[in-house]
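First up is the structure itself, then whatever we jot down about it.
The values are calculated or read from the model by the stated rules, or taken from the named source; none is laboratory data. Here the structure is a predicted model, which is why all the values come from computation and not from measurement. A quick note on method: Cβ atoms are made from the backbone with ideal geometry, for glycine too, and the neighbour counts reach across all protein chains shown.
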């Protein structure tokens, strides 16, 4: 069985991906990010489920990758 079928296709992962996409779209609409700008939407507290505006910030992708 492929990795996609085991992991990425699960309901939980689909919901989390949808939330990430929603946050990115909102930041794009607000003019905080642009497509291909090398920036990520970061959760200040590290909790991907906490999507309150005060918990989200825009940081360079390189800095966000170092956190993980």
- Close pairs from region 40-68: first over 15 Å from residue 22 (Cα atoms), partner at pLDDT 90 or above and exposed (fewer than 12 other Cβ atoms within 10 Å of the Cβ), Cβ under 9 Å, at least 6 apart: 44/54; 60/38; 61/38; 62/38
- Residue tally, condition within 12 Å of the chain's Cα centre (by Cα), surrounded by 15 or more Cβ atoms within 10 Å (Cβ to Cβ) and assigned to a loop (DSSP other than H, G, I, E, B), over region 25-57: 1
